[in-house]
Amino acid sequence: MATPHHDHDSGEGLLSVEEAREKVLSQIEPLQPLELPLTDAYGCVLAKDVVAQRDLPEFASSAMDGYAVRSSEVRDATQASPVELRVVGRALIGQRPEGTVGGGEAFQIATGAPIPAGADTVVPIENVEVRGNVVRILFGTDEGKHIRRAGEDVKSGDALVNSGRRLQAPELALLATAGVWHPLVRPRARVVVLSTGDELIPPFQTPEFGQVRDSNAYSLFGAIREAGAAPILAGIVRDDVDSLKDVVLSHLGQADVLVSSGGVSVGERDVVKAAFYRRGEFDFFRVAMQPGMPQGFGHIEGKPYFGLPGNPVSVFVSFEVFIRPSLMKMMGRRNLFRPEITARLADDVTGPKGKTQFARVRVKRTTREGWVATPTGGRGSNLIATVSRANGLALIPPGVATARAGSDVRVILFRSMEE
Ligand code: AMP
Ligand code: MG
């Protein structure tokens, strides 16, 4: 076949994936931190160390139902010669105990109740007999036993949660315990998503001949959510420069980032290119990758804008390669990239020789061969079902036209293994 302008298998004159990603990431800044209530801060990265202002727990309490006593008095107690103590008070949960445990005395105490002054141990209820006002201790307990000490979890002045830590369930619990209910975090990036194309219709409409249902908006919605960011679907925009500019400008106020799909190739109808090419801060470039070769990236009124190609698999892969790490950087994540494994290919994979191919694979851990990657279908960038069947993207590097069955490949895992 004649290739007058561009040989689609050659990587000549294209940016490498690493160069292109670096070019994008170097222009992405972390979002300004905000104080958010705990439930909104969930999943966000803490922007400032939180130091414990008090001991955790704040007061010593009993870990058992029983009797708060002085350990020195009960040390030698046995079933044969029990120690008898007078019950002079009750320590109740949620209340400051009144009085002191003196010589020959005990307080009845409930689990979680504060330890009364004078007592240094708790004898569990199973180890006593009660006779009216007198408790007979049948087994002594050592000092400190069955007492949850003040500060045994965290000491006042110690770090509670460090800056850079992503707030998940345990951190929310810790912050709530310490009364930090508006931690300073990097907020979720709000990502405005638009789909360009005269052929596009929403998924609830029945296509006329040649029309295509907009799937990219939903693919991006899921990917953005899954990254911990907040998608805002701005709908379908026709291949018309003024309409696109209008929609983009009208959404800038609610966007930290904008993403559009379609319209970045070389065709005349390539509306994103036509709308933003001249705006100085915007660049269109070709990356030595398949799928996802044409990319647009720049800033519009200071907001990063990703112009992705239109094919559904290109959108998925471009998101993984460029947008996901960018969102992670904006949200202050320490780890921008997905986990990778090395896996053995179960079948040959043929791709464009000069480019990195992102081949959709299903990886599985086997006892005999370790990780094995099975391709889920053809390389066409319109074949979205191949992504749905996959849990990984195998990287077939430039210079390799066919990666052979049995050879080792790097695989980016885009689902957790239990899914
Ligand atoms: P483009 O990059 O605009 O030339 O689009 C490339 C291909 O992707 C065309 O076949 C489009 O119909 C298809 N496409 C573009 N946008 C979408 C979308 N939002 N959902 C599904 N397919 C799309
Ligand atoms: Mg288009």
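Taking the condition of being part of a loop (DSSP other than H, G, I, E, B) and more than 10 Å from ligand 1 (Cβ to nearest atom), how many residues in segment 187-201 meet it?
3
Can you find a residue that is farther than 13 Å from V191 by Cβ, away from ligand 2 (no atom under 16 Å from the Cβ), out of contact with any strand residue (DSSP E or B) (no Cβ under 9 Å at 6 or more places or on another chain) and assigned by TED's automatic domain parsing to the domain that holds S318 anywhere in segment 209-216?
Checked against the condition, which is being farther than 13 Å from V191 by Cβ, away from ligand 2 (no atom under 16 Å from the Cβ), out of contact with any strand residue (DSSP E or B) (no Cβ under 9 Å at 6 or more places or on another chain) and assigned by TED's automatic domain parsing to the domain that holds S318, segment 209-216 yields at least one hit.
Pull up segment 233-258, narrow it to residues that are touching a helix residue (DSSP H, G or I) at 6+ places or on another chain (Cβ under 6 Å) and part of a strand (DSSP E or B), then point me to the one that is nearest to ligand 2 (Cβ to nearest atom).
Going through the qualifying residues, I end up with V237.
Out of the strands (runs of 3 or more DSSP E) lying entirely within segment 342-419, which hold 2 or more residues that are in contact (Cβ under 8 Å) with a residue 60 or more places away in the chain?
It comes to 356-366, 408-413.
Just checking, how many residues over segment 284-314 are away from ligand 2 (no atom under 16 Å from the Cβ), open to solvent by 20 Å² or more (accessible area, probe 1.4 Å) and either without any contact (Cβ under 8 Å) to a residue 24 or more places away in the chain or not in a strand (DSSP E or B) (or both)?
Going through segment 284-314 one residue at a time, the tally reaches 2.
It is to be established whether one or more residues within segment 261-275 are assigned to a strand (DSSP E or B), surrounded by 19 or more Cβ atoms within 10 Å (Cβ to Cβ) and more than 16 Å from ligand 1 (Cβ to nearest atom).
no
Among the residues of segment 347-355, are any assigned by TED's automatic domain parsing to the domain that holds V24, over 21 Å from L31 (Cβ atoms) and open to solvent by less than 10 Å² (accessible area, probe 1.4 Å)?
no
Go through the residues of segment 316-335 one by one and say whether even a single one is over 25 Å from the mean Cα position of the chain (by Cα), open to solvent by 10 Å² or more (accessible area, probe 1.4 Å) and in the same structural domain as A217 (by TED's automatic domain parsing).
Checked against the condition, which is being over 25 Å from the mean Cα position of the chain (by Cα), open to solvent by 10 Å² or more (accessible area, probe 1.4 Å) and in the same structural domain as A217 (by TED's automatic domain parsing), segment 316-335 yields no hits at all.
May I ask you to list pairs of residues, at least six apart or on different chains, whose Cβ atoms are under 7 Å apart, with the first in segment 204-217 being under 15 Å from L233 (Cα atoms) and of a type in the set (S, T, Y) and the second being near ligand 1 (Cβ under 9 Å from one of its atoms) and outside any loop (DSSP other than H, G, I, E, B)?
Going by the 7 Å Cβ cut-off, the qualifying pairs are S215/P312.
Could you check segment 384-394 and list, in sequence order, the residues that are of a type outside the set (S, T, N, Q) and open to solvent by 70 Å² or more (accessible area, probe 1.4 Å)?
Residues satisfying the conditions are I384, R389.
Name the single residue that is most open to solvent (accessible area, probe 1.4 Å) among those in segment 153-175 being within 20 Å of the chain's Cα centre (by Cα) and of a type in the set (A, V, I, L, M, F, W, C).
Among those residues, the one meeting the criterion is A169.
Give P339, P375 a once-over and let me know the one that is surrounded by fewer than 21 Cβ atoms within 10 Å (Cβ to Cβ) and in contact with a Leu (Cβ under 9 Å, 6 or more places away or on another chain).
Step by step, each of P339, P375 is checked, and only P339 is surrounded by fewer than 21 Cβ atoms within 10 Å (Cβ to Cβ) and in contact with a Leu (Cβ under 9 Å, 6 or more places away or on another chain).
Report, by residue number, each residue of segment 58-101 that is closer than 14 Å to H146 by Cβ and open to solvent by less than 70 Å² (accessible area, probe 1.4 Å).
Answer for segment 58-101, where residues must be closer than 14 Å to H146 by Cβ and open to solvent by less than 70 Å² (accessible area, probe 1.4 Å): A60, S61, S62, A63, M64, G66, Y67, A68, V69, S71, V74, A91.
Which of the residues belonging to segment 202-232 are away from ligand 1 (no atom under 15 Å from the Cβ) and either modelled with pLDDT under 95 or open to solvent by less than 20 Å² (accessible area, probe 1.4 Å) (or both)?
A227, G228, A229, listed by residue number.
Name every residue in segment 121-143 that is crowded, with 19+ Cβ neighbours inside 10 Å and part of a loop (DSSP other than H, G, I, E, B), in order of residue number.
Matches in segment 121-143: G140, T141.
The values are calculated or read from the model by the stated rules, or taken from the named source; none is laboratory data. Just so it is clear, the model here is predicted, and its values are computed rather than measured. All Cβ positions, even for glycine, are placed from backbone atoms using ideal geometry, and neighbour counts span all protein chains on display. For accessibility, only protein heavy atoms count, side chains too; no ligands or nucleic acids. Shrake-Rupley method; radii C 1.70, N 1.55, O 1.52, S 1.80 Å.
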